[in-house]
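Colleague: Pasting in a structure now, in structure tokens, and then I'll have a few things to ask.
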Amino acid sequence: LRHMCEQGDRLSRYGWLMHDGEKFGVQELRDGDLLLKTEFVKRPGGHHGGDWSWRITAWTEVTGCVCGCCGHLPSLLFLTSPPSSSSAGCRTRLAAVTGTSEELGHFTLTFLHPTTQRGENPKYASYNYLDAASPGLHLLTDVVRSSLSNRFVFAPPGGPRRRFFAVDTFRGLPGAAGEPPRGRLLLHQVTLELPGTVEVTFESGSASGRPGRLSGQALSSALSQHAADFEQRFEETFALGRKGFPLPQRRFAQAALSDMLGGLGYFHGRSLVRSPLAEHPMPAPEAALFTAVPSRSFFPRGFLWDEGFHQLLLARWDPALSREVIAHWLDLMNTEGWIPREQILGDEARAKVPPEFLLQLSETANPPTLLLALQRLLPNAPLPYLQRVFPRLCAWYDWFNRTQAGPLPLTFRWRGRDPHPERFLNPKTLASGLDDYPRASHPSSDERHLDLRCWMALASRVLAEVAERLGEPAERYREMEQALSDNGLLDQLHWAPELGAFADYGNHSTSIGLRWQRVAPAAPGRPPPAPELVREVREAPQLRFVGALGYVSLFPLLLQLLHPNSPRLPAVLAAMRSERQLWTPFGLRSLSRDSPLYMQRNTQHDPPYWRGSVWVNINYLALRALHGYAGTEGPQRERAAELYRELRHNLMANLYRQHVESGFLWEHYSDSTGRGQGCHPFAGWSALVVLVMAEDY
């Protein structure tokens, strides 16, 4: 039984091949030797969004199969949760659903008879339907599973009779007695031999003058036209054909963009928030969020710092769509100017998150990457839009300055590091987005975080640009930008001579490890407890620069704060190109190979994450910066251009190779083999490869 995108289902491929983000999409799923193609088209009209049609085609690719069925008898299940006043045509099958709602007006949803794969002839099928009270969208799979019965027989004319499972009667879920229903569930099940095609149409009552139902040949023609339009728009936007990329690589780039667009979702609900102003965690006010997601299978929800990278790509494809997403995120801000870094809104989103990660801490920040995208959108953004977002941007900026200030003027410190350092080799800094990247071994108020300082320099620059565009006072932002971009002060606060690189500063020990510790003996008759890995501090910490060369060390270059003639630029470029440090054939690794914490576990159950793997978002920022330095007069101009060419080739080649081999984009990539790691499909910031191919920074 397949429903939600689940990594554990081990599909060899699923993802959008084409998706324009609005009216059209083509998706392919490969589950063993079963293949599914889903296609949709929207036809605007009327006052409620117009009509849409969906086509599902199923077939197999079994070698030697002549008939195409090869024992397969799949069922396609279409679920809808219509208004309670809707009526359903259900004599022998669920033929249509009609109803009225405030958002949709009057509508008709029609389930057409299946046809052969080419849509030319009707195809025999068995039909079942379920009409039940819905316990919630997150429990639909359980409803279907608990309603199945194998008493049904598939009996095509002249063919063998076969039993199959189908929805029958829903008797409720265990433990749910007395729970009020959360709506109505209608389910249409079609069981058929392969190959076959099923179509569903939605027709809006306010759309008049339609040429006919969008099905059959009319739907095929509309799909063909939209596919041609998508191809043309993609080439006009990214020019990969003119750059000489062969068709398979252009298809790869189209799929990367389409998977991100196909992952856009609308979420509604409440975050669970802990504030120092309240004794206990409290639900935040109801909120709505339209956003892309990092991964449909593993992270189907909004992440603040991921979203800025997502919008760098979407802003290039559809600026209006991107502006809407950014506005949604800014509307999540509370009265103090804080935006929760992870948006777990609604039962569906909550069902995907372990309980310990549900709580959002109101003093914990996340990098303001939305400003990267806003900076790209700024030249052509309508003034009314900027006028509406500017007060929110100012409140966000002030919140950072007020709550994330460091121990010295013009320094900054991420709040919310792990409060129990004895449990970790190096306590995590989830607020930074870089999770387990090595920071000061002993969290304290004396810390100075280099990456946050660089983010605040970027924020000052973007706020100044928005203010100037609106004719608002920009002096305070320009003054802060100049102060945070002062290379001499940057040297003084963050250059570590012993490391030969920029670094964090804090209470740090250079000799820490994990060792096995036996716990207290078990009570008589009980099995002995398992030993635990605990932190062992072998040298007392002291205030010093943190000896970790990696992504954080690069931030003055990544956000282009280093002057082109900076005496530190040669050392930074050398560390990037050194195979002993950050260079790999697949992209820049996150932590130098000669770092004491390179690829080290953080706890017994916490493998290395940002301690060596290659991450596409930071490599994109590195390419963006190198491209900038290569185009600016300075002594390192040729060196930057050389590194840019090599790094761009390595990153593109590996992502394409891994996509061909595995069928997916991945969360991060091994620095030793290039293989995809973490969750998949990860069409979040890994889809930035499209901009890398287009050299669009």
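Colleague: To check you understand DSSP bridge types, tell me what percent of the beta bridges within the chain (both residues inside) are antiparallel, rounded to 5. Show your work: numbers first, answer last.
Modeller: Details: 97 of 101 bridges.
The antiparallel fraction comes to roughly 95 percent.
Colleague: Here is a further query. Taking the Cα centre of each part, how many Å lie between the stretch 481-554 and the stretch 109-159?
Modeller: 57 Å
Colleague: State, to one decimal in nm, how far the label point of residue 605 lies from the label point of residue 171, with both points 7 Å from Cα in the Cβ direction.
Modeller: Once both label points are built, they end up 3.6 nm from each other.
Colleague: Which order do the peptides 576-588, 121-133 come out in when sorted by mean C-beta neighbours inside 10 angstrom, highest first? List each step's numbers first, then the result.
Modeller: Numbers: 576-588: 19.6, 121-133: 17.2.
Result, highest mean first: 576-588, 121-133.
Colleague: Then there's this: Where in the chain are the DSSP H helices whose alpha-carbon span along the long axis reaches 27 Å or more and whose Kyte-Doolittle mean is at least -1.0?
Modeller: Membrane-span-like by this rule: 216-238, 383-403, 450-470.
Colleague: So with the 1.4 Å probe, I'd like the accessible area per residue for the stretch 399-503, rounded to whole Å².
Modeller: Working: 3730 Å² over 105 residues.
About 36 Å² of surface per residue is accessible.
Colleague: Right, another one. Give the average over all directions of the projected area of the C-alpha convex hull of the stretch 481-559, one decimal, in nm². Please report the intermediate quantities before stating the final value.
Modeller: Numbers: hull surface 32.7 nm².
If I average the Cα hull's projected area over directions, I get 8.2 nm².
Colleague: For residue 543 and residue 638, what is the calculated FRET efficiency with R₀ set at 45 Å and r taken between the beta-carbons, to the nearest 0.05? Can you show the working numbers first?
Modeller: Values: r = 39 Å, r/R0 = 0.88.
Efficiency, rounded to the nearest 0.05: 0.70.
Colleague: Next up: With only alpha-carbon atoms counted, please give the Rg and Dmax of the stretch 267-333, in Å.
Modeller: Cα-based Rg and Dmax for the stretch 267-333 come out at 13.8, 45 Å.
Colleague: Still on this structure: Given axes a ≥ b ≥ c from the Cα gyration tensor, I'd like to know whether the stretch 39-182 is rounded (a/c under 1.5), prolate (a/b larger than b/c) or oblate.
Modeller: Values: a/c = 2.16, a/b = 1.24, b/c = 1.74.
Here the stretch 39-182 falls in the oblate category.
Colleague: Still on this structure, I have one more. Compute from the Cα atoms of the stretch 429-518 the Rg and the Dmax, the latter being the longest Cα-Cα distance, and quote both in angstrom.
Modeller: Cα-based Rg and Dmax for the stretch 429-518 come out at 17.5, 66 Å.
Colleague: Moving on to the next point. In a solvent-free Debye calculation with one equal scatterer on each Cα, what is log10 I(q)/I(0) for the stretch 342-485 at q = 0.12, 0.20 Å⁻¹, listed in the order of the q values?
Modeller: Log-scaled intensity ratios, in q order: -0.59, -1.21.
Colleague: Still on this structure: How large, in Å, is the stretch 157-287 by the Kirkwood hydrodynamic radius built from its alpha-carbon pairs?
Modeller: Details: mean 1/r = 0.0453 Å⁻¹.
Taking the inverse mean of 1/r over all distinct Cα pairs, the stretch 157-287 comes out at 22.1 Å.
Colleague: Starting from the exponent 0.38 and prefactor 2.2 Å, build the expected Rg for the stretch 550-666 from its residue count and divide its actual Cα Rg by it. Provide the component values of the computation, followed by the final result.
Modeller: Numbers: Rg = 14.9 Å, N = 117, 2.2 N^0.38 = 13.4 Å.
Relative to the 2.2 N^0.38 Å estimate, the stretch 550-666 comes out at 1.11.
Colleague: Taking only protein heavy atoms into account and a 1.4 Å probe, give the accessible area per residue of the stretch 594-643 in Å². Present the calculation step by step, with values, prior to reporting the outcome.
Modeller: Values: 2000 Å² over 50 residues.
Per residue, the stretch 594-643 has an accessible area of 40 Å².
Colleague: Quick one: grab Rg to one decimal and Dmax as a whole number for the stretch 224-302, Cα atoms only, in Å.
Modeller: Answer for the stretch 224-302, Rg first and Dmax second: 19.8, 61 Å.
Colleague: Which of the peptides 180-190, 502-512 is most tightly packed, and how do the rest follow, judged by the mean count of other Cβ atoms within 10 Å per residue? Before the final figure, lay out each step's value.
Modeller: Working: 180-190: 18.6, 502-512: 21.4.
Listed from highest to lowest mean packing, they are 502-512, 180-190.
Colleague: Now for a different question. Given C-alpha coordinates of the chain, what is the ratio Rg to Rh with the Kirkwood estimate of Rh?
Modeller: On the way: Rg = 27.7 Å, Rh = 27.9 Å.
My calculation puts Rg/Rh at 0.99.
Colleague: Ok, one more. Answer rounded, prolate or oblate for the stretch 367-432, using the Cα gyration tensor with square roots of eigenvalues a ≥ b ≥ c: rounded when a/c is under 1.5, else prolate when a/b is larger than b/c, else oblate.
Modeller: Values: a/c = 3.44, a/b = 2.32, b/c = 1.48.
Here the stretch 367-432 falls in the prolate category.
Colleague: Within the chain, what whole-number % of the accessible surface is contributed by carbon and sulfur, with the 1.4 Å probe and all protein chains included in the calculation?
Modeller: Working: 15650 of 30210 Å².
Here it works out to 52 percent.
Colleague: Measuring from centroid to centroid over Cα atoms, what is the spacing of the stretch 189-242 and the stretch 252-313 in Å?
Modeller: First find each Cα centre; the distance between them is then 28 Å.
Colleague: Probe of 1.4 angstrom, ligands and nucleic acids ignored: what's the accessible area per residue over the stretch 85-200, in square angstrom?
Modeller: Per-residue accessible area for the stretch 85-200 comes out at 53 Å².
Colleague: Mind putting a number on the dipole of the stretch 561-697 about its Cα centre? Charges go on the C-beta only, +1 for Lys and Arg and -1 for Asp and Glu, and I need it in Debye to the nearest 20.
Modeller: Values: 14 positive and 12 negative charges, 52 e Å.
Roughly 240 debye, rounded to the nearest 20.
The values are calculated or read from the model by the stated rules, or taken from the named source; none is laboratory data. From a predicted model like this one, the values you see are computed outputs, not experimental measurements. Every residue, glycine among them, receives a Cβ derived from its backbone with ideal geometry; neighbour counts consider all protein chains shown. Surface areas here come from the heavy atoms of the whole protein model, side chains and all, with no ligands, DNA or RNA. Shrake-Rupley method; radii C 1.70, N 1.55, O 1.52, S 1.80 Å.
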